[in-house]
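The numbers here are math on the coordinates, done by the rules we state, and not lab data. Given the structure is predicted, the values throughout are model-derived calculations rather than measurements.
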Amino acid sequence: MIFFLIHFAFFIKSYKNEQNTKILQEIYDFIFRQLELSIREIGYGDQSINKKMKDYINYFHNIVSEIHFWENLSDHEKKKILASFFEDSVKIDHIFDYFDVFSRELLKKNLISYLNSVSNK
């Protein structure tokens, strides 16, 4: 789940602007609705679902906050941030390389172009 939340945080961070507000809100709502449905399908009760959803949403917003100035951070600071999200930081260099490239790739396309490229696959 953590990889998904980090991906989504970079996605939101990269495309957040006044023009994209409505569509990003729709994507955000959809993603977290799907997450809730998945938790329900696993068989958790309503109280457990509410707690898990609160935890996931808080965790997601923590990630967004931590990566907010990603482009201005040193590689060491980026690795430290990513390591804080994982219990096992042995492969943090690979995780760092992946998300550093991913964040740069997101910036190469505008939101609509990116969404079209994903929906055509």
Study note, to complete from the structure: Filtered hits (lysines, Cα-Cα < 29 Å from LYS22, offset >= 8 within chain) -> LYS13, LYS51, LYS52, LYS54, LYS108, LYS109, LYS121
Review point. Tell me, what HN-Hα J-couplings in whole Hz come from the Karplus equation 6.51 cos²θ - 1.76 cosθ + 1.60 at θ = phi - 60° for each residue of the range 13-22, using x for Gly and Pro?
Key: 4, 5, 10, 6, 7, 4, 5, 9, 3, 5
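Average the reciprocal distances over every distinct pair of alpha-carbons in the chain, invert the result, and give the Kirkwood radius in Å.
Value: 15.7 Å, from the Cα pair sum.
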Check your understanding: In whole Å, how far is the Cα centre of the range 76-118 from that of the range 1-42?
Key -> 15 Å
